[in-house]
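Structure first, commentary second.
The values are calculated or read from the model by the stated rules, or taken from the named source; none is laboratory data. Remember, predicted model here, so these are calculated numbers, not experimental data. We place every Cβ from the backbone using ideal geometry, glycine too, and count neighbours over all the protein chains shown. Just the protein is used for accessible areas: all its heavy atoms, side chains included, with ligands, DNA and RNA removed. Shrake-Rupley method; radii C 1.70, N 1.55, O 1.52, S 1.80 Å.
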Amino acid sequence: MGINQQFPLLMELGSPGRRAYSLPKLDVPSRPIEDMIPRDFLRQDPASLPELSELEVVRHYTGLSRRNHGVDVGFYPLGSCTMKYNPKVNEDLAFLPGFASIHPYQPEETVQGALQLMYQLEQALCEIAGLDRATLSPAAGAHGELTGLMLIKAYHEAGGEGHRNEIVVPDAAHGTNPASAAMCGYKIVEVPSNDRGGVSVEHLKGLIGPKTAGLMLTNPNTLGLFEEEILTISELVHAAGGLLYYDGANANAILGKCRPGDMGFDVVHFNIHKTFSTPHGGGGPGSGPIAVRDILVPFLPTPTVEVGGSDEKEFFLHYDRPQSIGQVKGFYGNFLVLVRAYGYIRSMGSDGLRQASEDAVLSANYLMEQLKDIYHLPYDRVCKHEFVLSATNQKKQGVTAQDIAKRLLDYNIHAPTVYFPLIVEEALMIEPTETESKAELDRFIDVMVAIAREVTESPEQLRTAPHHTVVGRLDETQAARHPIVRWHAPNSDAESLNGDE
Ligand SMILES: *Cc1c(COP(=O)(O)O)cnc(C)c1O
């Protein structure tokens, strides 16, 4: 059934003349619109827009919000995404007018507080990373990857090593790693994992050499496993003349416990929207600052925030950086996401951050131990903040990881990440985070046990799940190939939304 049979689109509600606003009568002289906008630019027919009352608009959007699963609605163990609860006090901070209402072109002396916040956030991230300077500009993890690789490239070029054109990426890597490297003009060299789920050092030795620009790694990796041989790996890559890039998407496992800089990494990105308190998942703004070792500082994007200017401008934006790769984002990054991160880091403190990581790791190990007899655990060793099960036992009985993921929705639990990492068949990648209670973790275990029982008792129930959500199982191929994301006026020739999808 089409969605709008159950839930009308905003455009289909209301009736002519309804308004959701009331404005006072105009009390200043007005000019005809033609005096301000050339006639050619003006539309001849009124736009076909819905006319609604305020209450209709409120009900519409509230209704839509209730059709979504979010971390404020239920458990969200989507591996790798760190869908933890975001304290609402950080939203209050981001809404303060001194942050939310400033303009990027405002004179620096009038936004000293904002610049100080950026400066101090940079320092906090450098301390967490164990590195020297950072840029807050990149808008997401993947953007941080691209920026970091551009720095690596600039570094090699400046050192007369511009011929280094290969980036080594493990077979367990997140897809953005090879994609960013390719976008930066690099050739991808894939290194296989060993049977403990880490990088195969034997293979690595044969893959690095005079063409190696660097290696990208996340630690703990996408299996949730700590890279036991990280020091050997970084020595090998550095000895070959390459640099090390740390994909910090899994930083929630290591805060205050160990530092990528100490492991030998030269560039680190943080997914602020994963680790440091910003709601994400619906495509909202993110932030992917990168911290770097001193050798890369000259190449950092402009502007940097510096301290020690004049009396009125103690903090200032610095653009005169001759070796910089240039600007990577309009203005200074997604500033209000940075405000949330600052509030989160300052309110947690170093002890709080360490506690968060310890609790995240404890939660993951608890779930893993409780579930590993029912679902196959391909790499059976202590995990960090997440772990990967395999539904191969269930697949033999005709039920896939996909079916299990869909069935979880019926229990008000978001699906884990499925079919990733690619090296695990029928993968279910589970990340509980530190913000769930033991009671909620126990409920998840009960649900997973119940689903395993259904595999033998009522497999059809699983193959046709979900049954209790607003929409049932979607045709994902059609949704990907022919997404209808735009409304067309009923009288237009374009494809109508009303057909059954
Ligand atoms: C989320 C993620 C990324 C990409 O980060 P975005 O902020 O979504 O661009 C990269 N690597 C890993 C391991 C991730 O989980």
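Semi-axes of the equivalent ellipsoid of the chain: what are they in whole Å, largest first, if each equals the square root of 5 times a C-alpha gyration tensor eigenvalue? Intermediate values should be presented prior to the final figure.
Values: eigenvalues 306, 256, 99 Å².
So the equivalent ellipsoid measures 39, 36, 22 Å along its semi-axes.
Per the Kirkwood treatment, what hydrodynamic radius in Å, one decimal, follows for region 89-346 from the mean inverse distance over all distinct Cα pairs?
Working: mean 1/r = 0.0537 Å⁻¹.
Across region 89-346, the inverse of the average 1/r is 18.6 Å.
Take every DSSP beta bridge whose two residues both sit in the chain, then give the antiparallel share in percent to the nearest 5. Before the final figure, lay out the partial values.
Numbers: 19 of 34 bridges.
In the chain, approximately 55 percent of DSSP beta bridges are antiparallel ones.
What accessible surface, in Å², does a 1.4 Å probe find on Arg443, ignoring ligands, DNA and RNA and rounding to the nearest 10?
Roughly 80 Å² of Arg443 is accessible to a 1.4 Å probe.
Have a look at the DSSP beta bridges in region 125-228 and tell me what percent are antiparallel, nearest 5. Numbers along the way, then the final one.
Numbers: 1 of 9 bridges.
The antiparallel fraction comes to roughly 10 percent.
Could you provide, to the nearest whole Å², the per residue accessible area of the chain with probe 1.4 Å? Don't skip to the answer; put the middle values down first.
Values: 24460 Å² over 501 residues.
Per residue, the chain has 49 Å² of solvent-accessible surface.
How much accessible surface area, in Å² rounded to 10, belongs to the heavy atoms of Ile451 with a 1.4 Å probe?
Probe radius 1.4 Å; accessible area of Ile451 about 0 Å².
In whole Å, what are the Cα extents of region 351-480 along the three principal axes, biggest one first?
Principal-axis extents of the Cα atoms in region 351-480, largest first: 47, 30, 30 Å.
Viscosity 1.567 mPa s, temperature 4 °C: Stokes-Einstein D of region 11-153 from its Kirkwood Cα radius, in µm² per second?
Details: Rh = 21.7 Å.
Diffusion coefficient, whole number: 60 µm²/s.
When the gyration tensor of region 192-296 is built from Cα positions, what are the square roots of 5 times its three eigenvalues, in whole Å, from largest to smallest? Spell out each step's value before the answer.
On the way: eigenvalues 129, 52, 30 Å².
Ellipsoid half-lengths, sorted descending, are 25, 16, 12 Å.
In nanometres, what is the gap between the two model label sites at His203 and Ser65, each 7 Å from Cα along Cα-to-Cβ?
4.7 nm
Show which aspartates and glutamates lie in cross-link reach of Lys372 when reach means a straight Cα distance below 15 angstrom and same-chain residues fewer than eight apart are skipped.
Answer for Lys372, where 15 Å is the Cα cut-off: Asp380, Glu386, Glu426, Glu431, Asp442, Asp446, listed by chain and number.
Using only the heavy atoms of the protein chains and a 1.4 Å probe, how would Tyr76, Tyr342, Tyr375, Tyr419 rank by accessible area, largest first? Present the calculation step by step, with values, prior to reporting the outcome.
Working: Tyr76 25, Tyr342 50, Tyr375 0, Tyr419 85 Å².
Per-residue accessible area, sorted high to low, gives Tyr419, Tyr342, Tyr76, Tyr375.
Please get the size of the charge dipole for the chain, origin at its Cα centre, with Cβ charges of +1 on Lys and Arg and -1 on Asp and Glu, quoted in debye to the nearest 20.
420 debye
Over the chain, what is the relative contact order in percent, taking alpha-carbon pairs closer than 8 angstrom and at least six residues apart?
On the way: 874 pairs, mean separation 90.8, N = 501.
Worked out over the chain, it gives 18 percent.
Considering only C-alpha atoms, what is the centroid distance from region 31-96 to region 112-181, in Å?
32 Å
What does the charge count near Tyr419 come to, summing +1 for each Lys or Arg and -1 for each Asp or Glu among other residues with Cβ under 11 Å from its Cβ? Please list the in-between numbers first.
Numbers: positive: none; negative: Glu425, Glu426.
Net of charged neighbours comes to -2.
What 222 nm value per residue comes from the helices of the chain, counting each DSSP H run with n ≥ 4 as -39,500 (n - 2.57) and dividing by all residues, nearest 500 deg cm²/dmol?
Details: 18 runs with 183 residues, N = 501.
Theoretical 222 nm ellipticity from helices: -11000 deg cm²/dmol.
Remind me, what semi-axes does region 413-473 give for its equivalent ellipsoid, largest first in whole Å, using sqrt of 5 times each Cα gyration tensor eigenvalue? Don't skip to the end; give the middle numbers.
Numbers: eigenvalues 84, 59, 35 Å².
Ellipsoid half-lengths, sorted descending, are 20, 17, 13 Å.
Roughly how many percent of the accessible protein surface of the chain is carbon and sulfur, given a 1.4 Å probe and a whole-percent answer?
About 54 percent, which is the carbon plus sulfur part of the accessible surface.
Which aspartates and glutamates have a Cα less than 12 Å from the Cα of Lys205, not counting those fewer than 8 places away in the same chain?
Here the aspartates and glutamates satisfying the reach criterion relative to Lys205 are Glu235.
With respect to the cross-link table entries Lys187/Lys274; Lys274/Lys438; Lys153/Lys329, which display a Cα-Cα separation exceeding 24 Å? Mind dumping the intermediate values first?
Numbers: Lys187/Lys274 29 Å; Lys274/Lys438 21 Å; Lys153/Lys329 19 Å.
The answer is Lys187/Lys274.
At 1.4 Å probe size, with no ligands or nucleic acids counted, give the accessible surface of Tyr119 in Å², nearest ten.
The accessible area comes out at roughly 50 Å².
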